[in-house]
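The values are calculated or read from the model by the stated rules, or taken from the named source; none is laboratory data. All of these numbers come straight from a predicted model, not from anything done at the bench. All Cβ positions, glycine included, derive from the backbone under ideal geometry; neighbour counts span all protein chains shown. When the accessible area is computed, the model is the full protein with side chains, heavy atoms only, and any ligands, DNA or RNA have been set aside. Shrake-Rupley method; radii C 1.70, N 1.55, O 1.52, S 1.80 Å.
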Amino acid sequence: MHERIGIAHIATGDLLRAAVAGRSELGRAAQAYMSRGELVPDALVIDMIDHRLQENGPDPSFMLDGFPRTVAQAEALESMLGRQHLPLDHVLCLDVPREELVRRLSGRRTCTQCGAMCHVIFDPPATAGVCDRCGGALIQRDDDREETIRARLVVYDTSTAPLTAFYRSRSLLREIDGTGSPAQVFERVVAQLNGGQGGRPSGGPAPTAARS
Ligand code: AMP
């Protein structure tokens, strides 16, 4: 649950990394795609989200992070929400210059124990390689290596960028300036969800299509 927005936060990257760590059938199938910076096949990701949404309980509000990433996933999401009679209120697209994305992702470190993230330049740990929160070892994810980040940006251009036209044509796209500090970007997101510039009031589920 996101503590300020007050709705469930469902991130496909987190769900897939948990599947890889748990060595489930899905995790074994997804691992190689993820470490090369490629998209996990649509059928696997759509099935995973379909199951996750059915577990959502009586409160239908949620935010999807990192999904959909292809037009096929977006069409599948429309059918899933249609079956459950749930509206899609907003699609958020965070706009960040390429070189800034490379700087952010290549400096990111993730705790092997608690999953907390930090950044070697923007948010360095007190002791290099050690998580401030739990003392676990910090690692660089395979897909945060610079050559893999550049491969992910190519995948973005070919597979994910077409979603902006898809959602713009449905008047759902909210383009947000993703530069600046995490706190500044967060305030812009909240303003959009509260019906800020170009936005509509939130109420139901709020999936996001964020550039990554
Ligand atoms: P993320 O944490 O969102 O950056 O995702 C990490 C990796 O998980 C991506 O590079 C993909 O390999 C995979 N992944 C996450 N979400 C999706 C998705 N919607 N479709 C396909 N692959 C995904």
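Every test in (1) more than 10 Å from the ligand (Cβ to nearest atom); (2) closer than 17 Å to Asp143 by Cα is passed by Leu15 save one, and that test is (1). Have a look at Ala183, Ala165, Ala116 and point out the one that is modelled with pLDDT under 95 and open to solvent by 50 Å² or more (accessible area, probe 1.4 Å). Result: Ala183 is the single residue among Ala183, Ala165, Ala116 that is modelled with pLDDT under 95 and open to solvent by 50 Å² or more (accessible area, probe 1.4 Å). Within the set Arg4, Arg36, the sole residue that is among the basic types (Lys, Arg) and either open to solvent by less than 30 Å² (accessible area, probe 1.4 Å) or closer than 27 Å to Val185 by Cβ (or both) turns out to be Arg4. Restricting attention to region 93-113 and to residues that are in contact with a Gly (Cβ under 6 Å, 6 or more places away or on another chain) and among the polar types (S, T, N, Q), the residue that is most open to solvent (accessible area, probe 1.4 Å) turns out to be Gln113. The single residue among Ala76, Ala21 that is without any contact (Cβ under 8 Å) to a residue 24 or more places away in the chain, more than 26 Å from Glu187 (Cα to Cα) and more than 8 Å from the ligand (Cβ to nearest atom) turns out to be Ala21.
Determine whether Leu53 is of a type outside the set (Val, Ile, Thr) and more than 17 Å from the chain's Cα centre (by Cα). Answer is no for this residue. Suppose we keep only residues that are at pLDDT 90 or above and part of a loop (DSSP other than H, G, I, E, B) within region 67-85. Which one would you say is most open to solvent (accessible area, probe 1.4 Å)? Per the stated criteria, the residue is Arg69. How about region 79-107: which of its residues are touching a residue at least 24 places away in the same chain (Cβ under 8 Å) and on the phi > 0 side of the Ramachandran plot? Of everything in region 79-107, nothing turns out to be touching a residue at least 24 places away in the same chain (Cβ under 8 Å) and on the phi > 0 side of the Ramachandran plot.
No other residue among Leu44, Leu64, Leu105, Leu92 is within 11 Å of the ligand (Cβ to nearest atom) and assigned to a strand (DSSP E or B) apart from Leu64. Here region 164-192 is the region considered, the condition is being basic (Lys, Arg) and outside any helix (DSSP H, G or I), and the residue that is nearest to the chain's Cα centre (by Cα) is Arg174. Restricting region 24-41 to residues that are closer than 17 Å to Ala76 by Cβ and assigned to a loop (DSSP other than H, G, I, E, B), the residue that is farthest from the ligand (Cβ to nearest atom) is Pro41. Of the numbered criteria (1) surrounded by fewer than 16 Cβ atoms within 10 Å (Cβ to Cβ); (2) modelled with pLDDT under 95; (3) closer than 24 Å to Pro60 by Cα, the one Glu147 fails is (3).
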